[in-house]
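Structure first, commentary second.
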Amino acid sequence: MSTFTTRKHILDMALCLFNESGTAAISTNHIAAEAGISPGNLYYHYRNKEEIIRALVEGTLAEYEAAWQLPQGRLLRLEDLLTLVRASFEIQWRYRFLGRELVALIRHDPVLGQRYQRNYQQRIQQQKIFIQHLVDTDVLLPTLIGTELDEMLTACWVITDHWLPFLEATGQPVTYEQFQLGDQLILRIIRPYFAEP
């Protein structure tokens with residue numbers, strides 16, 4: 001396998017294990033065994049488990065970046081917003097270990113914490129631009145500005161990032177279908193600002 005292929009395979013196996021068992025229970029030896037390579041080969045690509053976790057976080061952020069790109073050559077539509085909300089929950093489900101362990105991970109790894117905070121600032125600005133486009137094209141009401149917009153985006157961010165811990169803490173089933181219900185809460189927050197029913 002090429003270096004790129006091996007690195008991706010390691011990350012894929014680590015993601016499966018982290019999603020199933022959490023990061024604390026999984027060692028680099030577990031990941032190497034799951035990937036079918038020696039620990040030495042794994043260390044050639046990633047020096048430790050923290051580097052693997054950081055790489056998975058970067059993968060998450062890259063998927064969000066791709067999802068939030070404005071469509072070229074046409075105006076935004078309500079369907080774009082709905083698609084984006086669903087895509088966000090798909091990404092959260094794919095990397096669900098992060099939803100479970102985010103606070104613990106960034107406490108343990110200050111580099112990861114700084115990266116998360118930078119991403120938060122960048123993504124919020126990106127979301128404001130997206131929302132402004134929807135207001136400009138009369139998809140959302142022009143009342144959605146200033147403090148009200150900030151509060152709405154914060155509420156949506158909190159739900160998206162912490163929906164999985166909420167399900168687990170309240171004893172609800174953590175299934176794909178149950179997890180996807182979180183996007184309905186996001187839409188309830190946004191729906192009052194729809195320009196049309």
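Bear in mind that the values in this text are calculations on the coordinates, not laboratory data. Because the structure is a prediction, the values reported are computed rather than measured. In this analysis, Cβ positions are derived from the backbone assuming ideal geometry, glycine residues included, and neighbour counts consider all displayed protein chains.
Convert each backbone phi in the range 148-163 into a coupling constant with the Karplus relation 6.51 cos²θ - 1.76 cosθ + 1.60 (shift: θ = phi - 60°), then list the ³J(HN,Hα) values in order as whole Hz, x for Gly and Pro.
4, 5, 4, 5, 5, 5, 5, 4, 5, 5, 4, 5, 4, 6, 10, 5
Would you please give the FRET efficiency between Glu168 and Gln117, computed as 1/(1 + (r/R0)^6) with r the Cβ-Cβ distance and R0 = 25 Å, to the nearest 0.05? Provide the component values of the computation, followed by the final result.
Numbers: r = 25 Å, r/R0 = 0.98.
Efficiency, from the Cβ-Cβ distance: 0.55.
Taking θ = phi - 60°, what integer Hz values does the Karplus form 6.51 cos²θ - 1.76 cosθ + 1.60 yield along the range 57-66, in sequence order, with x for Gly and Pro?
Once rounded to whole Hz, the list reads 4, 4, x, 4, 5, 5, 5, 5, 4, 5.
Let me check against my output: what whole-number percent is the relative contact order of the range 72-161, with C-alpha pairs under 8 Å and at least 6 apart?
Dividing the mean separation by the residue count of the range 72-161 yields 39 percent.
Relative contact order for the chain using alpha-carbon pairs under 8 Å, separation at least 6, rounded to a whole percent?
On the way: 136 pairs, mean separation 41.5, N = 197.
It rounds to 21 percent for the chain.
Which whole number in µm²/s is D for the range 1-47 by Stokes-Einstein, with the Kirkwood Rh taken over Cα pairs at 4 °C and 1.567 mPa s? Show your work: numbers first, answer last.
Working: Rh = 10.5 Å.
It comes out at roughly 124 µm²/s.
Would you kindly give the portion of the calculated P(r) for the range 114-180 that falls above 15 Å, as a percent of all Cα pairs?
Tail fraction, whole percent: 63.
For Leu78 and Arg191 in one chain, what is 0.36 nm times their gap in residues minus the Cα-Cα distance, to one decimal in nm?
39.6 nm
Over the range 58-147, how many percent of alpha carbon pairs lie in each 10 Å bin up to the one with the longest distance?
14, 42, 30, 13, 1
How far, in nm, would the chain grow between Thr5 and Gln125 when pulled straight, counting 0.36 nm per residue and subtracting the alpha carbon separation?
Once the chain is fully extended between Thr5 and Gln125, it gains 39.8 nm.
Computed from the coordinates I sent, Cα extents along the principal axes in Å equals one of (1) 58, 42, 29; (2) 62, 37, 26; (3) 49, 33, 30. Tell me the label.
(1)
How far is it, in nm, from the label point at Ala87 to the one at Thr147 when both lie 7 Å from their Cα along the line to the Cβ?
So the two model labels end up 3.3 nm from each other.
With a 10 Å cut-off between alpha carbons and a GNM built on the chain, which of Ile159, Ile37, Ile131 moves the most?
Looking only at Ile159, Ile37, Ile131, the biggest GNM fluctuation is shown by Ile37.
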